[in-house]
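Colleague: Before I ask anything, let me first share the structure, which is written out below as C-alpha cells.
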Amino acid sequence: MLFIGILWVYAMMPTSETYGANEDTNTFLTTSSYRDIYQTWVTQGFAHIPSQEIFSPETFYTTQPLEAYENQVVLKWEYESQFKINTFIHDEGLYLLRLRYVSQTTSIKPIQFRLFVNGELPYDEASRFKLKTLWSQNEIVQQDRFGNDIVPESYQVYQPIDFILEDNVGLYEDPLYVYLHEGINSLTFDLIDGEAYIFEVGFETLETLDSYMNPETHASSNQHVLIEGEDFTIKSDPSIRGGSHREPYVTPFSLMESRLNILDGQTFNRGRQSVYYDVTIETDGYYYITFKALQNASVNTSVFRDITINGEYPFVEAKGIEFTYDRTFQHRTLGNETYNFKFYLPAGHHQIGIHTNISMYQNLYLNTLEIMSNINALTLDIQKITGNQLDENRDWNITDYLPDLVSTLQNLTFDIKALYDDWTSIHSEQTSPTTTALKLSYERMQKLLEDPNELPRNLNDLSIGSGSVLALIGTILPQLIESPLSIDSIYIHEDIDDLPSLRAPFFTRLWVNIQRFFLSFFSDQYNDEASDDELEVWVNRGRAYVDLMQQMADTLYTPETNQKVRISIMPDENKLILANAADAQPDIAVGIAAWRPFEFSIRGSLHDLRTFDDFYDVASRFESGSFTGLIYQDGVYALPDTQNFQLLFYRKDVLSNLDLDVPNTWND
C-alpha cells in the first residue's frame with residue numbers, strides 16, 4: 001500500500017538586504033515604567049483632575065472614514081491608521097482617558113494601539129494598549145466518536161465596550177493616568193493591530209468604592225442557585241475554555257467518557273482575563289456566593305480574583321479575593337478574614353463577573369526586572385574589562401577597575417532580600433518555587449560578596465550559568481503573572497451552611513476506579529487500528545495534538561466528505577520502515593523528518609501528489625523552496641508541515657551599554 005507523507009520541514013525563506021526592523025519603532029521606546037513616571041508626577045504635586053469632556057468622531061483629525069453604526073456616527077479605525085484629538089486644558093494635572101468602541105476585528109488577537117501625548121509616549125506601557133474583545137461559545141456541546149465532550153467553538157460578541165487606559169499585564173489595579181499641561185494638548189491614537197469602530201473618546205473620573213458593611217440579615221427563603229463553572233456566558237479571551245476533571249465529586253460526571261465539567265484554570269490564569277455568568281434570582285435578598293474551586297498548580301501560593309455584579313464592584317473588598325493552594329477542590333465562600341460577604345441581589349437577571357487580579361505583584365514584578373537589568377549591566381561592565389573569553393590563569397583585581405563593585409553587589413543582595421520579604425508578606429514562608437529561587441539567589445549573592453575580585457571567574461554563578469542568580473530570579477517572573485484557578489461550581493445561597501458535600505464517599509470513589517479499570521479493556525478509545533472504511537493517519541506529535549486533530553476530523557472533515565478518519569500517535573517514525581516491510585503502512589503520515597520522503601519515494605512507497613487535481617492549488621500555500629527535499633525525479637511526494645525563516649533579534653540593554661545603533665541591514 002502506498003502512503004502520503006506530510007512532514008516537518010524547516011525551509012529557508014528568501015531574504016533581502018534589510019531584515020525588516022522598523023526604524024521608527026526605536027523612537028517609541030522609553031526607559032521608564034508607569035510606576036516611576038506616576039511617582040514623579042505625584043512628587044511634583046500634580047493632582048487627579050475630574051473631567052467629563054467627550055470628543056465625538058467628528059472632532060477627530062484623521063484620514064479614516066466616518067461611518068454610521070446603530071444610528072451613531074463612528075470612526076472606522078483600521079490597521080496601521082491613527083486619529084488625533086486636540087484639547088484645551090484649563091487645569092494642569094493627571095487625566096483618565098476612556099475609549100468607547102465596538103470590535104470589528106475577525107482575528108483572535110486583541111486590538112492593539114499606542115498612545116502619544118503631545119507627540120511622545122508618556123511611559124513604557126503606552127507603547128501597547130490592548131482593547132479587549134468579548135467572546136462566547138456554542139451552547140450545544142458536541143461529542144466525538146467515543147462520546148467525549150468536544151470544546152465548543154468560540155465566536156466573537158460584538159457589543160460596545162468602554163475602555164479606560166490600563167496596562168496589558170494587569171500589574172496596576174487602578175487605571176493609568178496621563179499628564180496634560182495647561183493649554184492645547186494633542187492625543188494621538190495609533191492602531192497597531194485589529195479593527196474597531198470608535199464611538200467617542202472622553203475623560204473619566206475615577207469613583208471611590210465604599211467599604212463593605214455587613215448587613216444584619218437572616219435567610220428569608222430557601223433559594224439556592226447552582227451555576228456550573230463551564231457554563232460561562234461571556235469570556236474576554238478565546239483561549240478560556242471548559243476542561244475535564246474525572247473525579248466523581250465534580251459535576252457533571254461520567255464513568256468513562258470525558259465531560260466538560262469545570263472552567264479550566266490553565267486557560268483562566270492571566271491578568272486582565274475575565275469570565276461572566278448569567279444568573280436569575282427569584283427573590284430579593286442578601287446572598288452568599290461560594291465557589292467550588294481548585295488551585296493546585298502553584299504550590300503554597302494563593303491566587304486572587306475580583307468580583308463584579310452587573311459590571312460594577314459592589315465594594316472595595318470585592319477586589320483581590322484570595323484563593324489558597326490545595327490539592328483538591330474546596331468550597332470558598334467569598335469574604336475576608338472578618339466577614340463572609342453578603343451580596344444584595346434583587347429579583348431578576350444578573351451577571352457575575354470574575355476577573356484575574358495580579359496587581360499585588362506589581363512591585364515584585366517590576367523590581368525583579370530591574371534587578372535582572374542591573375545584573376546584566378554589571379556582567380557587561382566586567383566583560384568589557386576581561387574580554388568575552390576569560391583567562392582562568394589570570395588573577396584580577398576587578399575592584400580597581402570597578403570601584404563601586406562591592407556596593408553594587410551589596411545593593412543587589414539587599415534588593416533580592418527585599419523581593420523575598422515582599423513575597424512572604426503576600427504569602428506565607430512555606431516552601432514554594434518562588435521562595436526557593438529567592439533563597440538560593442540570596443545565598444549565592446552573599447557568597448559572591450565574600451571575594452568580589454573572584455567575580456570574573458564566577459560569572460557563571462552571577463549571570464551566565466543555568467543555575468545563576470540571573471536565571472533563578474528569571475524563573476519567578478512567570479510565577480508572578482500566571483494565576484490559575486479552576487471552577488467546578490458557583491453557589492448563590494442565603495443560608496451559609498446550604499452547600500452540598502465537597503467530596504464523594506470513599507467507597508463510591510473506590511467503586512468508580514474499579515469499574516474504570518475493567519471497562520478500559522473493552523473501550524474502543526484505546527484501539528488504534530483503523531477499520532476498512534477509515535482513512536488511517538499516523539501523527540508524530542503528542543496526545544493533546546492528536547486528540548485535537550481527531551476532533552477536527554470528526555466535526556469538520558467527516559460530515560463534509562462522508563469519509564471517516566482514524567488518527568493515531570506514531571511515537572517513533574522508524575515504525576514507518578517496519579510498516580512498509582510488512583505492507584501495513586498508514587494512508588498518511590504527519591510530522592516526519594525532512595529527509596524521509598526522498599528515502600521512501602525511491603523505494604516506491606509514496607504516492608505522487610501531483611496526480612491529485614487540486615495539488616497545485618494546495619502547493620501554492622507554501623514557498624516553492626520548501627519543496628526542494630520533497631521531489632524525486634518528476635514527482636512530488638510530500639507537503640511541508642511547518643516552515644521556518646531567518647530573523648535577527650537583539651538585546652536593547654547590550655546595545656545601549658555598548659553605545660551601538662540598531663542594525664538596519666545584514667551588512668550592519
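Colleague: Of the numbered conditions (1) over 22 Å from LEU548 (Cα atoms); (2) not in a strand (DSSP E or B), PHE189 fails exactly one; give the number of that condition.
Modeller: Here PHE189 meets the rest and fails (2).
Colleague: When the residues of segment 475-504 are narrowed to those that are in a helix (DSSP H, G or I) and open to solvent by 20 Å² or more (accessible area, probe 1.4 Å), which ends up nearest to LEU369 (Cα to Cα)?
Modeller: LEU477
Colleague: Further, regarding this structure: Let me confirm something: among THR105, THR63, THR59, which residue is within 23 Å of the chain's Cα centre (by Cα) and farther than 18 Å from ILE164 by Cα?
Modeller: After applying the criteria, what remains is THR105.
Colleague: For segment 406-415, what are the residues that are open to solvent by less than 50 Å² (accessible area, probe 1.4 Å), more than 23 Å from ILE481 (Cα to Cα) and under 33 Å from the mean Cα position of the chain (by Cα)?
Modeller: THR413 - this is the single residue of segment 406-415 that is open to solvent by less than 50 Å² (accessible area, probe 1.4 Å), more than 23 Å from ILE481 (Cα to Cα) and under 33 Å from the mean Cα position of the chain (by Cα).
Colleague: Here's a follow-up. Looking at segment 135-159, which of the residues that are among the hydrophobic types (A, V, I, L, M, F, W, C) and out of contact with any Leu (no Cβ under 8 Å at 6 or more places or on another chain) is nearest to LEU99 (Cα to Cα)?
Modeller: TRP135
Colleague: Scanning segment 631-646 for residues that are open to solvent by 80 Å² or more (accessible area, probe 1.4 Å) and at pLDDT below 80, which turns out nearest to THR611 (Cα to Cα)?
Modeller: The extreme case among them is PHE645.
Residue-by-condition table, conditions (1) within 26 Å of VAL299 (Cβ to Cβ); (2) loosely packed, with under 13 Cβ neighbours inside 10 Å; (3) small (Gly, Ala, Ser):
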{"residue": "TYR401", "(1), (2), (3)": "no, no, no"}
{"residue": "ASP404", "(1), (2), (3)": "no, yes, no"}
{"residue": "LYS417", "(1), (2), (3)": "yes, no, no"}
{"residue": "HIS427", "(1), (2), (3)": "yes, no, no"}
{"residue": "ALA437", "(1), (2), (3)": "yes, no, yes"}
{"residue": "PRO452", "(1), (2), (3)": "no, no, no"}
{"residue": "GLY467", "(1), (2), (3)": "yes, yes, yes"}
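Colleague: Still on this structure, please answer the following. In segment 239-276, how many residues are in contact with a Gly (Cβ under 9 Å, 6 or more places away or on another chain), assigned to a loop (DSSP other than H, G, I, E, B) and within 21 Å of TYR172 (Cα to Cα)?
Modeller: Residues meeting the conditions: 3.
Colleague: So which of TYR325, TYR344 ends up being surrounded by fewer than 18 Cβ atoms within 10 Å (Cβ to Cβ), among the aromatic types (Phe, Trp, Tyr) and touching a residue at least 12 places away in the same chain (Cβ under 8 Å)?
Modeller: The conditions single out TYR344.
Colleague: Could you please give the count of residues in segment 609-668 that are of a type outside the set (A, V, I, L, M) and closer than 30 Å to THR379 by Cβ?
Modeller: Total satisfying the criteria: 16.
Colleague: Only one of ILE382, ILE352 is hydrophobic (A, V, I, L, M, F, W, C), under 30 Å from GLU228 (Cβ atoms) and open to solvent by less than 50 Å² (accessible area, probe 1.4 Å). Can you tell me which?
Modeller: Sole residue among the options that is hydrophobic (A, V, I, L, M, F, W, C), under 30 Å from GLU228 (Cβ atoms) and open to solvent by less than 50 Å² (accessible area, probe 1.4 Å): ILE352.
Colleague: So which residues in segment 530-563 are under 19 Å from ASN148 (Cα atoms), of a type outside the set (Phe, Trp, Tyr) and surrounded by fewer than 16 Cβ atoms within 10 Å (Cβ to Cβ)?
Modeller: Residues satisfying the conditions are GLY542, ARG543, ALA544, LEU548, MET552, THR555, LEU556, PRO559.
Colleague: Considering each residue of segment 215-238, count those that are open to solvent by 50 Å² or more (accessible area, probe 1.4 Å), in contact with a Ser or Thr (Cβ under 9 Å, 6 or more places away or on another chain) and in a loop (DSSP other than H, G, I, E, B), and give that number.
Modeller: 1
Colleague: Quick check on ILE588: is it in contact (Cβ under 8 Å) with a residue 40 or more places away in the chain, open to solvent by less than 20 Å² (accessible area, probe 1.4 Å), closer than 14 Å to ALA638 by Cα and among the aliphatic types (A, V, I, L, M)?
Modeller: No: the conditions fail for ILE588.
The values are calculated or read from the model by the stated rules, or taken from the named source; none is laboratory data. Because the structure is a prediction, the values reported are computed rather than measured. Ideal geometry is used to build each Cβ from the backbone, glycine not excepted, and the neighbour counts take in all protein chains shown. Heads up: the accessible areas ignore ligands, DNA and RNA and are worked out on the full protein's heavy atoms, side chains in. Shrake-Rupley method; radii C 1.70, N 1.55, O 1.52, S 1.80 Å.
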